[in-house]
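The block underneath contains the structure these notes are about, expressed in structure tokens.
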Amino acid sequence: QVQLVESGGGLVQPGGSLRLSCTASVGSIFSIYIMGWYRRAPGKQRDLVATITSGGVTNYADSVKGRFTLSRDNAKNTVYLEMNSLKPEDTAVYYCNTIAQVGVRRYEYWGQGTQVTVSS
């Protein structure tokens, strides 16, 4: 099994910064293929924010490019989402996501979500 522990959400003013962290607790038979963040704004579907592979290849939503940076520490199975120049439109519940692999099989896991509110 894989468990995701998220932290870092909160209230921030427009233009401010926030850092989200997500740590995957995995059994020894699992390896982490990809980790990242998705978000769901009120009344909207859950959308990609950013993902990163075990090889360090990143993928960002157009709406956050240049403002958000996703990094990972493979030894700790942890990803960090540095969010800068935050806008009210970034307000959402942010969900950590990972795809873990056992042999040739892959399994997807989601965190419980952490609230990010950007407001003055």
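The values are calculated or read from the model by the stated rules, or taken from the named source; none is laboratory data. What you see is a predicted model, and the numbers here were worked out from it, not measured in a lab. Counting neighbours? That spans all protein chains shown, and the Cβs are built from the backbone with ideal geometry, glycine included. Only protein heavy atoms, including side chains, enter the accessible area calculation; ligands, DNA and RNA are left aside. Shrake-Rupley method; radii C 1.70, N 1.55, O 1.52, S 1.80 Å.
Numbers at a glance
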{"item": "Hey, Glu89 over 15 Å from the mean Cα position of the chain (by Cα) and of a type in the set (Asp, Glu) or not", "result": "yes"}
{"item": "In the range 36-63, the residues that are free of Cβ contacts under 8 Å to residues at least 24 places away in the same chain and under 17 Å from Leu20 (Cα atoms)", "result": "Asp47, Leu48, Thr58, Asn59, Tyr60, Ala61"}
{"item": "Residues that are in a strand (DSSP E or B) and either open to solvent by 80 Å² or more (accessible area, probe 1.4 Å) or among the β-branched types (Val, Ile, Thr) (or both), drawn from the range 22-32", "result": "Thr23, Val26, Ile32"}
{"item": "Some residue of the range 14-26 being of a type in the set (A, V, I, L, M, F, W, C) and modelled with pLDDT under 95", "result": "yes"}
